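**Q** Okay, here's the structure, questions in a sec.
The values are calculated or read from the model by the stated rules, or taken from the named source; none is laboratory data. Being a predicted model, the structure only gives us computed values, none of them experimental. No Cβ is skipped: glycine too gets one built from the backbone with ideal geometry, and neighbour counts run over all protein chains shown. Accessible surface areas use protein heavy atoms only, side chains included; no ligands, DNA or RNA. Shrake-Rupley method; radii C 1.70, N 1.55, O 1.52, S 1.80 Å.
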Amino acid sequence: MKNRKLLMFSAGLLSILLISGCGQQNVNSNTVTPPSTSGKTVVLSTDKPYQLITFEEPGCIYCEALSDELAHMSKANPLLFSSIQWTKISVSPDNPDTYVLTVNNHKIKGNSMELAYQFQLMGFPTSFILDKKGNLILRLNGYYPEETMKCVLNYVSKQLYKHESIEQAC
């Protein structure tokens, strides 16, 4: 009986580690670097009703897989992305860009490391779906397979989030 409980606990822990994606580099306030003056300023706004922002870490296999799947989905099913603007942010001290966005009526500006700290990222990839006004609709921690992402994007674009949970829809 003890072995079975230990086996179930181990399997559960392994599942959590696999689903949560790549580990995060340390982004506490001591490691945040000031915005670089050599990068560009990227204003994250959209004319589309929704915005999908995916935070990635260089070298993260789960980030690359999610990015490849989203790129494939946007080409194979452009209708799915007709109401959703997708933006990737590489979280790295080597990323010189400064990002500006509004989330829940708060203007946020900073480099990728500062955004990771402000969004309290615990691993990669991490995605946020915002409406046109910057209201947070959904936070997705970790990697999700293509079929699940299709369901999530349909859930948002069809506004199912207004009357049912993601668990009910997907």
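**Q** Tell me, what is the FRET efficiency for Ile61 and Lys109 to the nearest 0.05, using R0 = 35 angstrom and their Cβ-Cβ distance as r?
**A** Details: r = 30 Å, r/R0 = 0.87.
Step by step, r from the Cβ atoms, then E = 0.70.
**Q** Rounded to the nearest 0.05, what FRET efficiency do Glu164 and Lys132 have when you use their Cβ-Cβ distance and R0 = 22 Å? Spell out each step's value before the answer.
**A** Numbers: r = 21 Å, r/R0 = 0.96.
Plugging the Cβ-Cβ distance into 1/(1 + (r/R0)^6) gives 0.55.
**Q** Per 0.36 nm of contour for each residue apart, how much would the distance between Asp97 and Glu146 grow if the chain were fully extended, relative to their Cα-Cα spacing?
**A** On the way: separation 49, 0.36 × 49 = 17.64 nm, distance 2.87 nm.
Extra length available between Asp97 and Glu146 comes to 14.8 nm.
**Q** Take the solvent-accessible surface of the protein heavy atoms, probe 1.4 Å, and return the percent of it on segment 54-119 that carbon and sulfur atoms account for.
**A** Numbers: 1610 of 3130 Å².
Here carbon and sulfur together make up 51 percent of the probe-accessible area.
**Q** Express the accessible area of segment 102-144 per residue in Å², computed with a 1.4 Å probe while the remaining protein chains stay in the model.
**A** Working: 2120 Å² over 43 residues.
Accessible area per residue, segment 102-144: 49 Å².
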